[in-house]
Amino acid sequence: MTDYPFATEVITEADLKSRVRELGEAISKDYQGRALLFVVILNGAVLFAADLVRNVDVLSEVDFLGLNRFGESGRIGIAMDLSTPVFDRNVIIVEDIVDTGLTLTVLRRMMTDRGAASVSTAALFDKTRRRVTDVPIEYRGFEVGDEFLIGYGLDWQGIYRNLRSIWAVLDIEAFVQDPKVLSKQLHSG
Ligand code: IMP
């Protein structure tokens, strides 16, 4: 794995691939014979969702939900709503990472309030130790620590989503001062 002073690679592309495949297989087994609606939370979950749904062998629809997050409060608003009705559907919320759990709690309630037949969650990363509210994650990729992660959909100020593996930020101060600090090492510019 690659190491730089500011960030270090913590989950390889191969490990992501095999874990996402396992999650897809588990979903396929649990929902055999039923139709699914994947609700993908923008923007971070897009890469995970693209790989996950290709490993699901069940009749599926995929739709996207964009959120506005208001600071640390956990209050969220809808920036871009689904175009598919949720009523009477088996919904799987696809999240990149569950941190405090506040966002996911609101999302699950939103899907239930809209009349979903069932609601479950596929989250690639779980920062269990930072949880402030108990919320179920039926399909969980990796339990991770407190470090800030980037890559494979996860961003720092909008960049690094296109990295093929997961990196932990080691020097937050360096990223605050210059968000492109890792990019300069990785892409020579
Ligand atoms: P929660 O409501 O605190 O659980 O917020 C989860 C959201 O915080 C995720 O969907 C991400 O957008 C963001 N987030 C939390 N930790 C990280 C991280 O390590 N890297 C990138 N985004 C993160």
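Looking across the range 18-30, the residues that are surrounded by 15 or more Cβ atoms within 10 Å (Cβ to Cβ) and within 23 Å of residue 168 (Cα to Cα) come down to 19, 20, 23.
Inside the range 31-40, residues that are exposed (fewer than 15 other Cβ atoms within 10 Å of the Cβ) and either within 15 Å of the ligand (Cβ to nearest atom) or in contact (Cβ under 8 Å) with a residue 40 or more places away in the chain (or both) make up a count of 2.
Out of the residues in the range 150-169 that are in a strand (DSSP E or B) and surrounded by 15 or more Cβ atoms within 10 Å (Cβ to Cβ), state the one that is farthest from the chain's Cα centre (by Cα). So the residue we want is 169.
How many residues does the range 1-14 hold that are free of Cβ contacts under 8 Å to residues at least 12 places away in the same chain and surrounded by 14 or more Cβ atoms within 10 Å (Cβ to Cβ)? Counting residues in the range 1-14 that are free of Cβ contacts under 8 Å to residues at least 12 places away in the same chain and surrounded by 14 or more Cβ atoms within 10 Å (Cβ to Cβ) gives 0. Remark: residue 171 falls outside the filter, which requires a residue to be touching a residue at least 40 places away in the same chain (Cβ under 8 Å), more than 19 Å from residue 23 (Cβ to Cβ), of a type outside the set (Val, Ile, Thr) and touching a Lys or Arg at 6+ places or on another chain (Cβ under 7 Å). Considering 68, 43, 55, the condition of being within 25 Å of residue 162 (Cβ to Cβ), without any contact (Cβ under 8 Å) to a residue 12 or more places away in the chain and of a type outside the set (Lys, Arg) is satisfied by 68 alone. Among the residues of the range 97-116, how many are more than 13 Å from the ligand (Cβ to nearest atom) and surrounded by 15 or more Cβ atoms within 10 Å (Cβ to Cβ)? Residues that pass the stated criteria total 4. Within the option set 148, 175, 125, being more than 29 Å from residue 31 (Cβ to Cβ), near the ligand (Cβ under 9 Å from one of its atoms) and of a type outside the set (D, E, K, R) holds for one residue only, 148. The listed residues are 62, 58, and the only one of them that is on the phi < 0 side of the Ramachandran plot, in contact with a Phe, Trp or Tyr (Cβ under 7 Å, 6 or more places away or on another chain), not in a strand (DSSP E or B) and not hydroxyl-bearing (Ser, Thr, Tyr) turns out to be 58.
Of the residues making up the range 8-25, those that are polar (S, T, N, Q) and assigned to a helix (DSSP H, G or I) number 1.
Read the figures in this text as sums done on the coordinates, not as results from a lab. In this text the structure is predicted, and so the values were computed from the model without any measurement. All Cβ positions, glycine included, derive from the backbone under ideal geometry; neighbour counts span all protein chains shown.
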